[in-house]
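The values are calculated or read from the model by the stated rules, or taken from the named source; none is laboratory data. Keep in mind that what you see is a predicted model, and the values were worked out from it rather than measured. All Cβ positions, glycine included, derive from the backbone under ideal geometry; neighbour counts span all protein chains shown.
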Amino acid sequence: MIDAAAFLGAARDRGIDFYTGVPCSFLTPLINGIISDRRTAYVGAASEGEAVAIAAGAWLTGRETVVMCQNSGLGNTVNPLTSLNWPFRIPTLLIVTWRGQPGLKDEPQHELMGEVTAHLLDDIRVPHLPFPADATGLVAALGEATAAMAENHLPFALIMAKGSVAESGLDEPPLPSAPPGRVIDRREAGVPPTRFAALERVLASVPEEAAIIASTGFCGRELFTLADRPQHLYQVGSMGCASAMGLGVALNVRRPVVVLDGDGAALMKLGNLATIGARQPENLVHVVLDNGVHESTGGQATVSSGVDFAAVAVACGYRTGTRADGLAGFESAFIKALGSEGPHLIHLRLQPGTRKPLGRPTISPAEVAQRFRAFLAADGA
């Protein structure tokens, strides 16, 4: 058994100081120690997949990261681990608990995952070791994990059995208090614009120092077609994770961070909005480009027609949530959001349709991540 302070010290010696995750009773002593240590950053996530994306965003700013979760939540991480971390070559240290460990009594819902935890990690090509049981093992395990991540630029997991970390108290600072938010209506009469036209307005209005994260699907492909810039990150896969990745970036830089989301993607991980509202990143502008359909998969309708994303955002702690359905109102709201403390969300209703023919980014995801990371590090912002 080790204590949380020993783990944190050994991890800090290797540059690891950003933590995120979803609690588990096996993790309680470690998470409590992390939260209580003012030298480390901890972001509690609404879901395990969200935590992986938050950590990915933090890594892009130069932080070395840890994602913690129960093995029952490991399934929730499979999508971002395989379609975000893998193609973009983004490492993170995973600490996954071993509920349902064979031979130990546990609740029935943990039985199957307890049997397959290591196999699942093997299947998604995440190398792993047992979580260390003593100080000597801690040094060796962290050394092997960090060496593998440095070489492969991919995640590495430590599987934590019950009782691995000694009990520790919790000294949790309060989260930033959210000021009263405002729902702003900038809707106009007329035909809704296309996403391509909206992206043209984004590029015309955004400052050069801003980082832009575009959601998976046609959004990123259209942005690339309009302009390929080092400050653009085009997500592939990892649907729903753009706003969580944007949060991970925004918490660690001073520059503006713009997330270009889709309605289907935003609906998939609405919990991200609550985490963003709780953390209050002043430099985040979250744009939901809502055409009402899953366009890149054939145009099937989403349920966004009945969703007021602006009101949801304000209820979650965003400073403003703006409704727009025309380019003039959208551009005005976007420029104002860039020039004021956030977080802000702008919900723009669009007409379906995409630019044709439409290509794909010709730069690989790993190259996109590396140049985006270099852009963020260029002036320490």
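Any chance you could count how many residues in region 122-164 are among the hydrophobic types (A, V, I, L, M, F, W, C) and closer than 14 Å to V96 by Cβ?
Residues in region 122-164 being among the hydrophobic types (A, V, I, L, M, F, W, C) and closer than 14 Å to V96 by Cβ: 12 in total.
Being assigned by TED's automatic domain parsing to the domain that holds T20, in contact with a strand residue (DSSP E or B) (Cβ under 9 Å, 6 or more places away or on another chain) and not in a helix (DSSP H, G or I), is that true of even one residue in region 111-126?
First, the residues of region 111-126 that are assigned by TED's automatic domain parsing to the domain that holds T20: 111-126.
Subsequent filtering for residues that are in contact with a strand residue (DSSP E or B) (Cβ under 9 Å, 6 or more places away or on another chain) retains 117-118, 121-122, 126.
Then keep just the ones that are not in a helix (DSSP H, G or I); that gives 126.
Scanning region 111-126 turns up at least one residue that is assigned by TED's automatic domain parsing to the domain that holds T20, in contact with a strand residue (DSSP E or B) (Cβ under 9 Å, 6 or more places away or on another chain) and not in a helix (DSSP H, G or I).
Let me confirm something: among G75, G62, G100, G9, which residue is outside any helix (DSSP H, G or I) and free of Cβ contacts under 8 Å to residues at least 60 places away in the same chain? Please lay out each step first, then the result.
Numbers: G75 fails: outside any helix (DSSP H, G or I); G62 fails: free of Cβ contacts under 8 Å to residues at least 60 places away in the same chain; G9 fails: outside any helix (DSSP H, G or I).
Of the residues listed, the single one that is outside any helix (DSSP H, G or I) and free of Cβ contacts under 8 Å to residues at least 60 places away in the same chain is G100.
Return the only residue of A265, A278 being in contact (Cβ under 8 Å) with a residue 40 or more places away in the chain, farther than 25 Å from K356 by Cα and either among the polar types (S, T, N, Q) or part of a helix (DSSP H, G or I) (or both).
Numbers: A265 fails: farther than 25 Å from K356 by Cα.
The conditions single out A278.
Each row is one residue, and each column tells you yes or no for (1) at pLDDT 95 or above; (2) in contact with a His (Cβ under 7 Å, 6 or more places away or on another chain); (3) small (G, A, S).
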position: H119; (1), (2), (3): yes, no, no
position: D122; (1), (2), (3): yes, no, no
position: F131; (1), (2), (3): yes, no, no
position: L142; (1), (2), (3): yes, no, no
position: A145; (1), (2), (3): yes, no, yes
position: A166; (1), (2), (3): no, no, yes
Tally, over region 347-381, of residues that are touching a residue at least 24 places away in the same chain (Cβ under 8 Å), part of a loop (DSSP other than H, G, I, E, B) and basic (K, R): 2
Within region 27-43, considering residues that are modelled with pLDDT under 95 and assigned to a loop (DSSP other than H, G, I, E, B), the one surrounded by the most Cβ atoms within 10 Å (Cβ to Cβ): D37
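So for region 44-51 (the condition being within 24 Å of L267 (Cβ to Cβ) and touching a Phe, Trp or Tyr at 6+ places or on another chain (Cβ under 8 Å)), does at least one residue qualify? Spell out the reasoning first.
The initial filter retains those residues of region 44-51 that are within 24 Å of L267 (Cβ to Cβ), namely 44-51.
Now drop any that are not touching a Phe, Trp or Tyr at 6+ places or on another chain (Cβ under 8 Å), which leaves none.
No, region 44-51 contains no residue that is within 24 Å of L267 (Cβ to Cβ) and touching a Phe, Trp or Tyr at 6+ places or on another chain (Cβ under 8 Å).
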Answer from R255, R201 - the residue that is part of a loop (DSSP other than H, G, I, E, B) and either modelled with pLDDT of 95 or more or assigned by TED's automatic domain parsing to the domain that holds R63 (or both): R255
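If you check V312 against the conditions, is it at pLDDT below 95, outside the structural domain of T77 (by TED's automatic domain parsing) and surrounded by fewer than 24 Cβ atoms within 10 Å (Cβ to Cβ)? Let's see the steps before the verdict.
Numbers: at pLDDT below 95: no; outside the structural domain of T77 (by TED's automatic domain parsing): yes; surrounded by fewer than 24 Cβ atoms within 10 Å (Cβ to Cβ): yes.
No: the conditions fail for V312.
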Criterion: over 22 Å from H128 (Cα atoms) and of a type in the set (A, V, I, L, M) - qualifying residue of A148, A178: A178
Filter result (more than 26 Å from P87 (Cα to Cα) and surrounded by 14 or more Cβ atoms within 10 Å (Cβ to Cβ)) within region 114-129: G114
